[in-house]
Amino acid sequence: MIGYSSYILCTSPRSGSTLLCKLLAATGVSGHPGSYFHEPSQEDWLEDLNVDVVPGENEQATLRRIFAAAIEKGTRGKGPFGLRLQRHSFDFFMKQLACLHPGPSSDLARLEAVFGNTLFIHLTRTDKVEQAVSFVRAEQSGLWHRAPDGTELERLSEPREPHYDAHEIRACYHRFTRFESDWQAWFESQRIAPLRITYDALSADPQATLRLVLKHLGLKETAADGVVPGVAKLADATSADWVSRFRLELELQQS
């Protein structure tokens with residue numbers, strides 16, 4: 001089994017990445033994966049990672065400290081470094097890597113110059129209508145994640161009553177479809193064969209998916225024993241209704 005010093009979860013919003021990251025962190029052996037480079041802004045990276053601004057420091061030196069802080073936070077002495085990389089953050093992230101390591105000629109070489117031997121995991125939600133509906137509802141309601149006991153885990157705005165918005169759902173549907181093709185094109189250009197995981201498989205059997213990832217990382221699958229999901233599904237009857245309405249609209253457009 002290949003030994004990995006890091007893994008990158010290549011994904012897009014509302015694909016189950018929060019669930020998978022929490023499962024991996026709970027094992028105690030697979031690091032503490034997170035979106036350490038979520039915003040396309042070096043200033044936000046500095047703030048989020050608690051890295052001080054050093055007046056007069058050149059950009060490469062600043063980036064070295066930023067990536068060192070992220071690796072420390074993403075491992076916490078408990079296994080490989082885990083990174084969740086959303087597609088909308090990808091281009092800016094790779095530009096910063098090119099600045100830090102201008103020598104290597106490929107994205108893969110630059111990534112491994114920073115993170116070492118890396119396992120790439122492609123987590124995708126095959127049903128892009130459901131993904132789009134999930135995203136729009138989260139944005140409208142402000143609630144992004146709920147714990148299994150019903151308490152809120154992540155809220156980004158005050159509660160609002162969600163409403164069906166075909167225009168927004170359509171925009172998200174096309175955006176997530178494009179993200180999917182962008183990831184696939186990048187894997188092919190870098191000759192990467194990622195571990196592929198679907199939202200459906202993850203949500204149906206979280207522990208089996210966790211064991212699969214641990215196995216590919218070369219870690220003991222028994223670390224998954226006793227680990228339970230820390231995130232509950234938000235989809236409900238309203239979500240199902242929106243999905244049905246939008247599927248009908250798509251069919252009418254394509255007929």
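Summary of computed values
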| item | result |
| --- | --- |
| Any hit, segment 224-233, residues being under 19 Å from the mean Cα position of the chain (by Cα) and either open to solvent by 60 Å² or more (accessible area, probe 1.4 Å) or among the charged types (D, E, K, R) (or both) | yes |
| Matching residues in segment 132-153 - criterion: being among the small types (Gly, Ala, Ser) and out of contact with any strand residue (DSSP E or B) (no Cβ under 9 Å at 6 or more places or on another chain) | 132, 134 |
| Strands (runs of 3 or more DSSP E) lying entirely in segment 65-175 (those with 3 or more residues that are open to solvent by less than 60 Å² (accessible area, probe 1.4 Å) and modelled with pLDDT under 95) | 143-146 |
| Test for residue 156: is it touching a strand residue (DSSP E or B) at 6+ places or on another chain (Cβ under 8 Å), touching a residue at least 24 places away in the same chain (Cβ under 8 Å) and more than 28 Å from residue 79 (Cβ to Cβ) | no |
| Unique residue being buried (at least 19 other Cβ atoms within 10 Å of the Cβ), within 26 Å of residue 184 (Cα to Cα) and touching a helix residue (DSSP H, G or I) at 6+ places or on another chain (Cβ under 6 Å) when the list is 6, 17 | 6 |
| Which listed residue is touching a residue at least 60 places away in the same chain (Cβ under 8 Å), within 22 Å of residue 81 (Cβ to Cβ) and part of a helix (DSSP H, G or I), from 209, 238 | 209 |
| Out of 217, 202, 195, sole residue that is farther than 15 Å from residue 126 by Cβ, touching a residue at least 12 places away in the same chain (Cβ under 8 Å) and buried (at least 18 other Cβ atoms within 10 Å of the Cβ) | 217 |
| Restricting segment 46-59 to residues that are open to solvent by less than 100 Å² (accessible area, probe 1.4 Å), free of Cβ contacts under 8 Å to residues at least 24 places away in the same chain and assigned to a helix (DSSP H, G or I), the residue that is farthest from residue 98 (Cα to Cα) | 48 |
| Close pairs (9 angstrom Cβ cut-off, 6 or more residues apart or separate chains): within 19 Å of residue 108 (Cα to Cα) in segment 173-185, open to solvent by 60 Å² or more (accessible area, probe 1.4 Å) anywhere | 179/88; 180/126 |
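Okay, residues lined up against (1) in a loop (DSSP other than H, G, I, E, B); (2) more than 28 Å from residue 112 (Cα to Cα); (3) not aromatic (Phe, Trp, Tyr):
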site: 177; (1), (2), (3): no, no, yes
site: 185; (1), (2), (3): no, no, yes
site: 188; (1), (2), (3): no, no, yes
site: 203; (1), (2), (3): no, yes, yes
site: 214; (1), (2), (3): no, no, yes
site: 234; (1), (2), (3): yes, yes, yes
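Conditions (1) of a type in the set (Phe, Trp, Tyr); (2) at pLDDT 95 or above; (3) under 26 Å from residue 152 (Cβ atoms); (4) touching a Ser or Thr at 6+ places or on another chain (Cβ under 7 Å), marked per residue:
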| site | (1), (2), (3), (4) |
| --- | --- |
| 23 | no, yes, yes, no |
| 28 | no, no, yes, no |
| 46 | no, yes, no, no |
| 56 | no, no, no, no |
| 63 | no, yes, no, no |
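The values are calculated or read from the model by the stated rules, or taken from the named source; none is laboratory data. Treat the numbers as computed from the prediction; the structure is a model and nothing was measured. Backbone-built Cβ (ideal geometry, glycine too); neighbour counts: all protein chains shown. We work out accessible area using only protein heavy atoms, side chains counted, and drop any ligands, DNA or RNA first. Shrake-Rupley method; radii C 1.70, N 1.55, O 1.52, S 1.80 Å.
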